[in-house]
Amino acid sequence: MNTDLRDDDAFVDRLTAYLDKKASHAEDVVDAGVAEFAGVASELQAPATWNGPPSSLRQAILSRVRDQAKAAAPSKAKRRRSRWGRLAWAIPVAAVSAAIFTVVIVAVDRAMLPGPQPGETYVATGTQLAPGATATVVVSTNPPGFSLRVQASGLPAAAPGSYYSAWLHGPRGVVPLGSFHQHQQGGSVTLWSGVDPKDYTNLVITLQAEGEPPNPSAVVVMTANLNR
Amino acid sequence: MDGRDGSHPIHSSRFATKVTHVAAIPTQRNQLSVATLTAFRKGDVNAFGEVYDRYARPVWAVAVSVTHADQLAQEAMQETFIRAWQAASSYDPERDIGPWLLTIARYTALDVMRRELRPTRGGHEAEEDALVESPGIDQAWTSWAVQEALGSLNAEEREIIRLSFFDDLTQVQISERLGLPLGTVKSRSHRAHRRLAELLAHLRDDPVSDTREPGRPPSSYPHRGTGQRRKESR
């Protein structure tokens, strides 16, 4: 048995003796040198020790706890709802703001872009294969290249299995510009060129047949002189 | 070992050396199951009710010992359990809940006293906290420990101590009241006193100073948490 346990035993002995003397209403209990146990005796004599809390407290406390538990659950859901509520309000606002922002940015961007230079207009005329055909060709300079907007009239739609093709002819050779079929009359078609049309002498429109090699055919339907 | 099987958790190396030959451990007041404490931690109201039923008396004893007034003690009692409920998620159900509640109860009772004694000056003059003489942890702990020890006695032992100390009856009067021979009353009283003294043996230790805020569970619990000290031999 170690010292702690001996001390515990001595403590228990002293406290037991103290309680015995108090219970027997002995006069010498204070003189016995056990004042250290006065706190215990005080507790044993206190009404609160024996009476306990009022029974009504239990119901009052449990009611408060139940109320808090109930309030906590809806408030969590409400917080979730309110978060979504705020989001529901914020989403369209954000979308509209983003749209406005995009429009502004695009507009500014477009405004800052070097716009197409005022185009030069040429007139194409039909050959003997399309004697009634005419076209205006507006050549404009754009960042991606040169655009040639062709507004033709009197040019019949290309037959099935055939198509029209535009070419630049000049000392540097032949450059393809693109193809169209002219199925809808009155419209215009924009062709693109990676070379400057001014460096070429003629714009030539040919009738091509599907399946043939991508070279200018001999069937020229319209021409325009670019060196005027 | 969690102390809920009637034994007590070993929290210090000093006691860790004593566990090999345990004897004569007085029956401890029923402890709450880990399942109940876990449910309490999760906010289960029924589990909270069990915690209340188990610890209402010791919390009340602390509240009264600090406030010395029934109305304030009731206020402190309510606040203690509400704070415990609100702080339940911070409680570790593997540890004894008693010291955790004792800490909350003591600080809450002190808060109630400070509020009660706070001067009301009116106007916009800043108020100052009244200086409340803080009952040491000794007093609160003694109140708690005595309540826990009495709860661990059987009804016969508890009754004879009550008649002797609270009703202030002599042993002759007790003998007449209970219709028992005086010798029986004396021997029964002595056994009850002995058992109570054993249950309060931990009071010999120096009280643990606890300065944590209310509702904050201690990071480690004193070994005397349930009011029962493991004894290895007697």
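The table that follows gives values for the structure above.
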| read-out | value |
| --- | --- |
| The lone exception for residue A:139 - which of (1) without any contact (Cβ under 8 Å) to a residue 40 or more places away in the chain; (2) within 18 Å of residue A:227 (Cβ to Cβ); (3) within 42 Å of the chain's Cα centre (by Cα) it fails | (1) |
| Boolean, residue B:223 is at pLDDT 50 or above and open to solvent by less than 70 Å² (accessible area, probe 1.4 Å) | no |
| Matching entry among A:99, A:72 (being at pLDDT 65 or above and within 14 Å of chain B (Cβ to nearest Cβ)) | A:72 |
| Selected residue (only one of B:84, B:63, B:73 is more than 16 Å from residue A:56 (Cβ to Cβ) and of a type in the set (Gly, Ala, Ser)) | B:84 |
| Out of A:155, A:203, A:207, sole residue that is open to solvent by less than 10 Å² (accessible area, probe 1.4 Å), in a strand (DSSP E or B) and touching a residue at least 40 places away in the same chain (Cβ under 8 Å) | A:203 |
| Failed item, numbered, when residue B:156 is tested on (1) open to solvent by less than 30 Å² (accessible area, probe 1.4 Å); (2) modelled with pLDDT of 90 or more | (1) |
| Total residues in the range A:168-187, condition small (Gly, Ala, Ser) and exposed (fewer than 13 other Cβ atoms within 10 Å of the Cβ) | 3 |
| The range A:188-200, residues that are in a strand (DSSP E or B) and either crowded, with 16+ Cβ neighbours inside 10 Å or not assigned by TED's automatic domain parsing to the domain that holds residue A:148 (or both) | A:189, A:191, A:193 |
| Subset of the range B:18-56 that is at pLDDT 90 or above, within 15 Å of residue B:100 (Cα to Cα) and within 16 Å of the chain's Cα centre (by Cα) - its residue that is most open to solvent (accessible area, probe 1.4 Å) | B:54 |
| Residues satisfying the stated conditions in the range B:29-64, i.e. among the charged types (D, E, K, R), closer than 25 Å to residue B:142 by Cα and within 13 Å of chain A (Cβ to nearest Cβ) | B:50, B:53, B:54, B:57 |
| Count of residues meeting criterion [of a type outside the set (D, E, K, R) and surrounded by fewer than 16 Cβ atoms within 10 Å (Cβ to Cβ)] in the range A:53-67 | 6 |
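The values are calculated or read from the model by the stated rules, or taken from the named source; none is laboratory data. None of these values were measured; they are calculated from a predicted model. Note that each Cβ is placed from the backbone with ideal geometry, even for glycine, and that neighbours are counted across all protein chains shown. Accessible surface is based on the protein model in full, side chains and every heavy atom, while ligands, DNA and RNA are left aside. Shrake-Rupley method; radii C 1.70, N 1.55, O 1.52, S 1.80 Å.
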